[in-house]
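Read the structure below first, then the notes.
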């Protein structure tokens, strides 16, 4: 999602590397080493011994870019550490530095000296309690607009590119002492895609998902919240948002597509589309993301929640699932070979990826059922020499969480594959393989190439929040001019975003953007999507480049012609043919005409260039230049009698 498009369009809406296999060269894009100057500018407690109320224990070595805070540390020291990282990461959108800040159980900050945390790119802020109430931040944990303009009269302050950051497992007692009057009683979380807020509670103030205190235009395009307890919440300028299995005192405002699933206190969808809310009383399938915590004896463990069906509200007191000691994990660091990682997985270990960029020249292979792959600090796997970075066998219960996967310079067939087509697979409905906060990039920090980003061949898979992104902007080989966009179409290539071939697959929070054919293809039976967000590619040079046989363009969401049963709740396809505004797309959604395939609350919108002729299967008016920023909605397809 580009800062150029968004600022115009929404206005109208209101590095050490993994060792390569022998004989294979290192990655061509030259990631900066992690754990050197970028990893030592702040204090850490790795491998050290500290005292707790339960005696003395040793902090695990989680790498130089993980910092573990103890409530006995001075607030000023913690504040200085976090401020220093934020200063480096606030504009480091395409950088290689990765950080995780983990807070041991206790209280941080006081009424007079609050701890006020600002979260930049590739930064994770997480509590280490077994329950979010075990870690209390008296202060704030915030994300503000980025001001991208050089003209003081037009600073262009937006949250449209506030990607790649994580907040989880703590309570924020909102305290804006020392801040100006606009900010004092509200915690601002102005973010867009690839940002996760889980297991978090806000007390003593309100929550705003837009930053209305910074100079405008203040646009945002998120986002995702799960398993949280929210105060009065202002959605503001957010184009789309999914809130799942949470509790909220109240929710105000909406732009295009706001979805609630299993949320106590969620607003009604009764006046859709006047207010574009989509509300499911229960979430069809859910599984909360695994999390690291310190138990009552000071030992580090990983909680792996069980999958649930038809649930609502938060799950903080739910004791189902597994608790695994950290000793059950191989703790990987950038520089570890894939051979070593695969050996540890084969020997029965789970995998914890510490922050950094890992170049992958051969697949990390997950072969055992119930294996947990957990990334900290947006650990990133980059394909080298056309490798598939992560290959999951067709077995039940595998969990991949908190991992970003990047395409490399040589085309990969796929970036993450779950199961094999035409293979013999085993799946268990009560124990789905689960992808939580797994993000994909084809371009951005460097040119990338893949045929497909995410391919799911297994049955009974849960995709719980993903952003599958073919880059529309970046640092190498990307420009926002017309010629640069033409070049990008030929060099930064990704044909398909998500291809779902398995049956009984559920997606809660499926964000897919800018791919060169179908962004999402769903071939499996009995699939369900709860919130879909898509932008068609900005950069086709000509209509001939954006044609599917005799049809103009590719739908943003395609359900296979043989599918008999499918459900979609809350979906949007946006068009912004920046490179050639004359380009047309026939349909935003394309599905078989059968009673078992049902779409509820779908829309298209024109972001100021190009045309989508219909919302779905020839139904719905054109999203053309007469309706810039004004969505075209279809309440139900097929229409409800």
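What to note about this one:
- Criterion: within 19 Å of residue 94 (Cα to Cα) and at pLDDT 95 or above - qualifying residue of 509, 471: 471
- The set of residues from the stretch 412-430 being surrounded by fewer than 17 Cβ atoms within 10 Å (Cβ to Cβ) and on the phi < 0 side of the Ramachandran plot comprises 413, 420, 421, 423, 424, 426, 428, 429, 430.
Condition check ((1) under 19 Å from the mean Cα position of the chain (by Cα); (2) surrounded by fewer than 22 Cβ atoms within 10 Å (Cβ to Cβ); (3) not assigned by TED's automatic domain parsing to the domain that holds residue 565) across all residues:
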{"residue": "487", "(1), (2), (3)": "no, yes, no"}
{"residue": "496", "(1), (2), (3)": "yes, no, no"}
{"residue": "503", "(1), (2), (3)": "no, yes, no"}
{"residue": "513", "(1), (2), (3)": "yes, no, no"}
{"residue": "524", "(1), (2), (3)": "no, no, no"}
{"residue": "533", "(1), (2), (3)": "yes, no, no"}
{"residue": "546", "(1), (2), (3)": "no, no, no"}
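- Any hit, the stretch 423-431, residues being closer than 24 Å to residue 307 by Cβ, touching a strand residue (DSSP E or B) at 6+ places or on another chain (Cβ under 8 Å), part of a strand (DSSP E or B) and assigned by TED's automatic domain parsing to the domain that holds residue 335: no
- Summed over the stretch 432-454, the residues that are within 25 Å of residue 163 (Cα to Cα) and either assigned by TED's automatic domain parsing to the domain that holds residue 122 or not in a strand (DSSP E or B) (or both) give a count of 6.
- Those strands (runs of 3 or more DSSP E) of the stretch 59-121 in which 2 or more residues are more than 21 Å from residue 187 (Cα to Cα) and either in contact with a helix residue (DSSP H, G or I) (Cβ under 7 Å, 6 or more places away or on another chain) or not assigned by TED's automatic domain parsing to the domain that holds residue 143 (or both) occupy 66-69.
- Matching residues in the stretch 549-593 - criterion: being modelled with pLDDT of 95 or more, over 19 Å from residue 509 (Cβ atoms) and in contact with a helix residue (DSSP H, G or I) (Cβ under 9 Å, 6 or more places away or on another chain): 552, 553, 554, 576, 577, 580, 583, 584, 585
- Taken over the stretch 181-220, the residue count meeting the criterion of being touching a helix residue (DSSP H, G or I) at 6+ places or on another chain (Cβ under 7 Å) and either over 19 Å from residue 156 (Cβ atoms) or assigned to a loop (DSSP other than H, G, I, E, B) (or both) is 4.
- Residue 147 vs. criteria within 18 Å of residue 90 (Cβ to Cβ) and either surrounded by fewer than 22 Cβ atoms within 10 Å (Cβ to Cβ) or modelled with pLDDT of 95 or more (or both): yes
- Residue satisfying all of: in the stretch 371-386; in contact with a strand residue (DSSP E or B) (Cβ under 8 Å, 6 or more places away or on another chain) and in a loop (DSSP other than H, G, I, E, B); nearest to residue 460 (Cα to Cα) among these: 371
- Close pairs (8 angstrom Cβ cut-off, 6 or more residues apart or separate chains): assigned by TED's automatic domain parsing to the domain that holds residue 583 and at positive phi in the stretch 551-570, surrounded by fewer than 22 Cβ atoms within 10 Å (Cβ to Cβ) and not in a loop (DSSP other than H, G, I, E, B) anywhere: 553/547; 553/584; 553/586; 570/600
- Scan of the stretch 149-179 for residues that are within 21 Å of the chain's Cα centre (by Cα) and not in a strand (DSSP E or B), ordered by number: 159, 160, 161, 162, 163, 164
- Subset tally (residues that are surrounded by fewer than 19 Cβ atoms within 10 Å (Cβ to Cβ), more than 28 Å from the chain's Cα centre (by Cα) and over 20 Å from residue 545 (Cβ atoms)) for the stretch 579-616: 5
- Residue within the stretch 461-477 that is surrounded by 24 or more Cβ atoms within 10 Å (Cβ to Cβ), in contact with a helix residue (DSSP H, G or I) (Cβ under 8 Å, 6 or more places away or on another chain), assigned by TED's automatic domain parsing to the domain that holds residue 374 and more than 19 Å from residue 414 (Cα to Cα) present: yes
The values are calculated or read from the model by the stated rules, or taken from the named source; none is laboratory data. Computed from a prediction, not measured in an experiment: that's the story for all the values here. Quick reminder, even Gly has a Cβ in these numbers, built from the backbone with ideal geometry, and neighbours come from all protein chains shown.
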